[in-house]
Structure formats: C-alpha cells, structure tokens
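Working notes, beginning with the structure itself.
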Amino acid sequence: MKDTQDVFVQKTNNRVAEDKFYREVLEGLTKQQKSLPSKYFYDAEGDRLFQKIMECPEYYLTDCELEIFIDRTADLAATIGFNHEPFDIIELGAGDGTKTIYLLEYLANRQMDFRYLPVDISVNILTELELLVHARLPNVNIQVLAGEYLDMIAEARILSDRRKVILFLGGNIGNLTPREAIDFYREISQQLQPGDIMVTGFDLMKNPLIVRAAYDDAGGITKEFNLNLLQRINKELGADFDINLFEHYCSYNPENGACKSYLVSLVQQEVSFEDTTVGFEEGETIWMEISQKYSPDRIVALAASSGFEVVTNLKDKKGWFTDSVWRVVEQ
Ligand SMILES: C[S@@+](CC[C@H](N)C(=O)[O-])C[C@H]1O[C@@H](n2cnc3c(N)ncnc32)[C@H](O)[C@@H]1O
C-alpha cells in the first residue's frame, strides 16, 4: 500500500515539475528579451556536459576552489566545527561533490558528529553523489534532497534541529543577479539560527579575457551545454528547436562583473511546442545564464545587507576565487 502511495506521490511530483518547466520556459520565451532559466541546464546530459566543462583548461573556477578545499581544509573545518557540537551540512546545488568530498573526509576522520544533506535539482547527479559518498566515506550519514534551493532548506529544517552549515560552492551564487542574491541570502538567514554558518564560493572579478574564456571554451563544450537545454525542451516538451540554427555567444562586462551567455538565432525562424509557436528574428538572442563576478567589497556588503557577518575569506593562491565564510547575526 505504502509503495503504491509512494509511486503516486512520485508521479504527482513529476507532473508538477513538468508543468513548472513548461510554464517557466513559455514565460521566458515570450518575454521581449527572451530567456531560459539556467537551473534547467541540468538533465542527465547537462550534468555530463558540466562535468566536462569542469575539466576544460579555461574553466579555472573548479581548480581554484579545489585548491582551497584541499589546501585549506583545516581552516575551513575550524570555522564550522562548532566545538564538537553535532551539526548538519546542507549543500545547495551540490553537483557531483568534487570539492566537498575533501571537507567531508576531513570531518569524518576527526569523528565529528554531522550529517550531510546535499540539495540538487538534478536527481541524476544526486544519485552519483550518494554513490560516491557511500563508496569513499561509508561512515558519513548522507540524505539527499531533490528540489530547489529554498524549498529544500525548508525541508532540511524539518529533518534537522541541529546547528547548520550551508555550503553553496562553485560560484553558483553568480547565477543570480546581485538583486536576487540579496533576497536569496535574506531568505536563508531567516530560515537559520544566529551562529549558523554559510559558506559561499564567489568567483572574483579579474582580467576580463580570463573570465570570458571560461564561458566560451575553445573545445565548444559550453556551447554544447547551452544547446542541450534546447534539446531538453525538444525531448520533454515536444518542441522542434533545430540546434544547428543557434550559436552560443558570451559577453563579460568588466565594469559590473556580469558575465552573460546567450544563444543567437542564426535565421528568422519559428519554433513550436505544446500549443505555442515562438518566432525568432535573425540575430535575436535567448539569455541563458548570468555568472556574476564579485569584488571583495561587494561580498562584505552582500553579507551585511542580508543578515550575516563575514567570518573569513579563503582564497586560492592566484586570488581568483574565494570561499567566503559567514555567520548568521542576531536580528
Ligand atoms: C554549476 S553546477 C555546480 C555544482 C557544484 N556546486 C560544484 O561546485 O561543482 C550547479 C549545480 O546546481 C544545481 N542547481 C542549479 N540550479 C538549482 C536550483 N535552483 N535548485 C537546486 N539545484 C540547482 C545543478 O543541478 C548543478 O548540479
């Protein structure tokens, strides 16, 4: 009986997710500046392509943050150790855990009492991550949470009344505009207790040529990654995008740190899905993703305006990336 109920709940959840996908795609493609939500990049193929992006020589973000997680593990652990009080680590957009595994291993080796609750919108990548943690760190208590960031923090609060550490790595925060980032952190600080910890990986402003190359690799993987979302819309919403009629374009504005990816329609064309037809002019763009870069001052201001104080910043040797550790302040 319970199994039948679970299957029913699962099917209903899938239907709700499909409807939301349809609504958000439709909303994005019917705006004056067409756009698609970047959270939908991550189906199984998108996960695979993102793992290839992380291996691209131009994509410095992963190497920088990996260096921090390998070389500065003790410093990171010291800021979140809570004097051996039990705690839970909630990781937002955990992906395949490439970097986090080093921190988990360090904490587990020191018999810290913690649970690991990774959150991701991609069920596929959570399955991979769970297998990795079981294989490498069999004593770590892991419970995956499939869904969107804020919804899953609310879910995690139901599961946990311990002190909390939120990890948000990989520069994922850059996928929100600076205005959205303030609202996002405000919501998070309201869901936490004073003293809880937030660790965010921020990609720092740097030579614009280095930034732009990271999102426009010579091997064309980022292009494939962007086009894959059109293919996902074809597969899941029955659309008829011809991906050969779109090109990838990336811009970086060194004045405000906004790096933006677009797909450009190479011809005038129409695309249909479900009962909708969307027209594209030749040269018209779909805004696919923002990858906002931060200055150190802006990070401090962001923490202060959203209910946190900065505890420390752990940077890689080149100073290109920082894992910024914040504490929730008493309001
Ligand atoms: C750029 S990858 C980074 C993965 C990992 N944090 C890292 O540093 O390697 C972004 C991850 O966040 C997930 N994601 C994106 N938007 C999300 C959302 N709104 N809610 C939950 N997960 C999301 C994606 O599925 C993907 O696994």
Query - Tilt relative to the chain, helix 178-191 - C-alpha long axis, 0 to 90 degrees, to 10 - result: 40 degrees
Requested in this report: Compute the acute angle (0 to 90°) between the alpha-carbon long axis of helix 123-136 and the principal axis of greatest extent of the alpha-carbon atoms of the chain; round to the nearest 10°.
Outcome: 30 degrees
Query raised in the report: Excluding PHE246 itself, what net charge comes from residues whose Cβ is under 12 Å from its Cβ, given Lys and Arg +1 and Asp and Glu -1?
Result: -3
Report task. Starting from region 233-331, pick out the GluC sites (Glu not before Pro) whose DSSP state is loop and whose Cβ has at most 14 other Cβ atoms within 10 Å. Result -> GLU255, GLU274, GLU281, GLU282, GLU330
Report summary line: In order over region 245-256: 3J(HN,Hα) from phi, Karplus 6.51/-1.76/1.60, θ = phi - 60°, whole Hz, x for each Gly or Pro, gives 9, 10, 10, 8, 9, 10, 10, 10, 9, x, 6, 10
Report task. Just the number, please: Stokes-Einstein D of the chain in µm²/s, Kirkwood Rh from C-alpha pairs, 25 °C, 0.890 mPa s. Result -> 117 µm²/s
Report task. Please give the helix 221-237 orientation as an angle from the longest Cα principal axis of the chain, in degrees from 0 to 90, rounded to the nearest 10. Result -> 70 degrees
Query raised in the report: Which entries of LYS260/LYS317; LYS52/LYS235; LYS52/LYS260; LYS20/LYS318 show an alpha-carbon separation above 31 angstrom in the structure shown?
Result: LYS20/LYS318
Query raised in the report: So what are the ³J(HN,Hα) numbers for region 24-36, from phi and the Karplus equation (6.51, -1.76, 1.60; θ = phi - 60°), rounded to whole Hz, Gly and Pro as x?
Result: 6, 5, 4, 4, x, 7, 9, 7, 4, 8, 5, 8, 9
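Readers should treat all values here as calculations from the given coordinates under stated rules, not as data from a laboratory. Predicted model, so just to flag it, every value in this text is computed and none were measured. With ideal geometry, Cβ positions are generated from the backbone for all residues, glycine too; neighbour counts draw on all protein chains shown.
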